[in-house]
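Shown next, in structure tokens, is the structure this report addresses.
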Amino acid sequence: MAKSFFRAGKGLQIDNVVFLGGAGAPNGGDADLVGIGSIYLNETNGSLYQKIAAGSGPEKWEKKASQSDLDAISSATSWLEPADIHDETTPTLAAAKSDMDTDDDIDGVAVTAGMRILFSGLSGENNNVYVVSGSTGAWTLTEDVNTATAGDTLYVSGGTHGGHRHTYNGTIWVQTDQASSDELGYLRTFVGKVASGTETPDYTSVNYILDGDSLVTAMSKLDAQIKANADAASANGSAITSLQSTVSTNGSAISSIQSEQSTQNTNISNNASAITTIQGEQTTQNTAIGNAQSDATTALNRVGNTADYTSNNTVVDGDTAAAAIGKLDAELGARIKRVTSTNVTAATSVDSVSVDSVFAVEWLVTCSKTADKSDRETLKIVAVHNGDAAADANAVDWTEYARLDVGNTIAGLNFDVTVSGTGVGQTMNLRISSTDAVDVSAVRIAS
């Protein structure tokens, strides 16, 4: 199967700029919440939008002119008389008139009779050129009798949009000259490029990447390092399993020796008439048992039973083997753990961590259809909460990315991260629901 694209759920955010998409023009939901400069792609027809003002509503977004828009303009451009001002934010003519009457000013330009103003952000009224009449404190706005039609173009001479050219595409007014230069600036901000021309990134952190690495090179290095870290964690788990097996074997040997000693003691008690001979035999056996116990102690010391460990991150010098292994098991269980759940449909918490001891989690999640394991999706989910042992969490933030699939699509597969409970029992939970029943396997790395 061919290499897949890098996919992130919901959208992609770089600093405060969000790249998202959806069916139809941006309106409501995430489109209302993202910041100025964010990019939106209409999945229905490929239209590109950029957010030009904070807040909610389609008027906060500007549709970028497409090649078909430009072709239509070039073949049927009709010039209208220039406008003195372009106002794209005032929602009603009444609001515009009130503002003008208050200070005889609009967009930093003094209001005068005969002034032509292009209003492109009106709601429920025609977005067109309006002519000013009246006098100080009592201005009037009258729509130009030459109503705009598709292809009409005008030049704005003053205010914020002074020097810009705008064309009506039949629905909205589109900026057709400075927009290309503006867009290049937006894109440079989007990728962190500070100037035009050839330039390589200057990263704020260079643990695994280097200044000058391209974005593709840097992401590839990070992906490789994440894989190496995961492999190392897996190898540590195998080493601990081997250690547990060795300790179990030594324990069996000691039990066998102790059983033999018990048998000899019984023989001594039951054969009083041969006490001298038995005592001599007991002395011999005690010597053998002492040697065996010494050998067993030496073997256990080699797996960290007592005294001097080479590392004291979780265990401490003097811990017995059982205590040390218990501590390692608890630490690994909290930090690195694989969990499974079968036949999941309704929203189910497939894994939970204590808010008091775990602050952030990365889950590598794989979901396979219960009915056909060859239909499978995998992704990474990273989550963080704001609680600790002193205070309960009341907020959680999370994201999903690197989502891949093979086989047929799993219908209705959704993910969520929540916090529940209070006090020492409060947990952060990975929750999964699906229309198609799925079997879930998740590997957790916690910090």
Flag if THR204 is surrounded by fewer than 11 Cβ atoms within 10 Å (Cβ to Cβ), modelled with pLDDT of 70 or more and farther than 22 Å from LEU379 by Cα: yes
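Just checking, does region 370-382 include any residue being touching a Cys at 6+ places or on another chain (Cβ under 6 Å), at pLDDT 80 or above and not polar (S, T, N, Q)?
From region 370-382, those touching a Cys at 6+ places or on another chain (Cβ under 6 Å) are 377; that's our starting set.
Cutting the leftovers down to at pLDDT 80 or above gives us 377.
Then drop every residue that is not not polar (S, T, N, Q), which leaves 377.
Yes, there is a match, as at least one residue in region 370-382 is touching a Cys at 6+ places or on another chain (Cβ under 6 Å), at pLDDT 80 or above and not polar (S, T, N, Q).
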Identify the single condition in (1) of a type in the set (A, V, I, L, M, F, W, C); (2) outside any strand (DSSP E or B); (3) without any contact (Cβ under 8 Å) to a residue 40 or more places away in the chain that ALA150 does not satisfy, given that it satisfies every other one. (3)
Every residue in region 362-397 that is of a type in the set (A, V, I, L, M, F, W, C) and either closer than 11 Å to VAL438 by Cα or without any contact (Cβ under 8 Å) to a residue 40 or more places away in the chain (or both), please. CYS367, ALA371, VAL382, VAL384, ALA389, ALA390, ALA391, ALA393, ALA395, VAL396
Among what's in region 410-424 and is farther than 15 Å from SER349 by Cα and not β-branched (Val, Ile, Thr), pick the residue that is farthest from the chain's Cα centre (by Cα). GLY423
Options LEU364, LEU404; residue that is assigned to a strand (DSSP E or B), at pLDDT below 95 and within 21 Å of the chain's Cα centre (by Cα): LEU404
Any strands (runs of 3 or more DSSP E) falling wholly within region 10-100 and containing at least 2 residues that are exposed (fewer than 15 other Cβ atoms within 10 Å of the Cβ): none
Those residues that are among the polar types (S, T, N, Q), surrounded by 15 or more Cβ atoms within 10 Å (Cβ to Cβ) and not in a strand (DSSP E or B), I need them from region 417-447; list them, please. GLN426, SER434
Tally time: how many residues in region 319-361 are farther than 26 Å from LEU404 by Cβ and part of a strand (DSSP E or B)? 1
Pairs only if they're at least six apart or on different chains, beta carbon under 9 angstrom, first in region 219-231 and exposed (fewer than 13 other Cβ atoms within 10 Å of the Cβ), second of a type in the set (Val, Ile, Thr) and modelled with pLDDT of 80 or more; list them, first residue then second. ASN229/ILE445
Give the number of residues within region 129-157 that are among the hydrophobic types (A, V, I, L, M, F, W, C) and within 11 Å of ARG116 (Cβ to Cβ). 6
What is the number of the single condition among (1) closer than 18 Å to ALA230 by Cβ; (2) part of a loop (DSSP other than H, G, I, E, B) that VAL382 does not meet? (2)
Tell me which residues, restricted to region 36-50, are among the β-branched types (Val, Ile, Thr) and within 11 Å of LYS64 (Cα to Cα). ILE39
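Run down VAL358, VAL353, VAL344 and say which single residue is out of contact with any Asp or Glu (no Cβ under 6 Å at 6 or more places or on another chain), of a type outside the set (Gly, Ala, Ser) and modelled with pLDDT of 95 or more.
Numbers: VAL358 fails: modelled with pLDDT of 95 or more; VAL353 fails: modelled with pLDDT of 95 or more.
Result: VAL344 is the single residue among VAL358, VAL353, VAL344 that is out of contact with any Asp or Glu (no Cβ under 6 Å at 6 or more places or on another chain), of a type outside the set (Gly, Ala, Ser) and modelled with pLDDT of 95 or more.
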Mind checking which residues of region 363-377 are surrounded by fewer than 16 Cβ atoms within 10 Å (Cβ to Cβ) and touching a strand residue (DSSP E or B) at 6+ places or on another chain (Cβ under 8 Å)? LYS373, SER374
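The values are calculated or read from the model by the stated rules, or taken from the named source; none is laboratory data. Everything quoted here is computed from the prediction, not taken from an experiment. Every residue, glycine among them, receives a Cβ derived from its backbone with ideal geometry; neighbour counts consider all protein chains shown.
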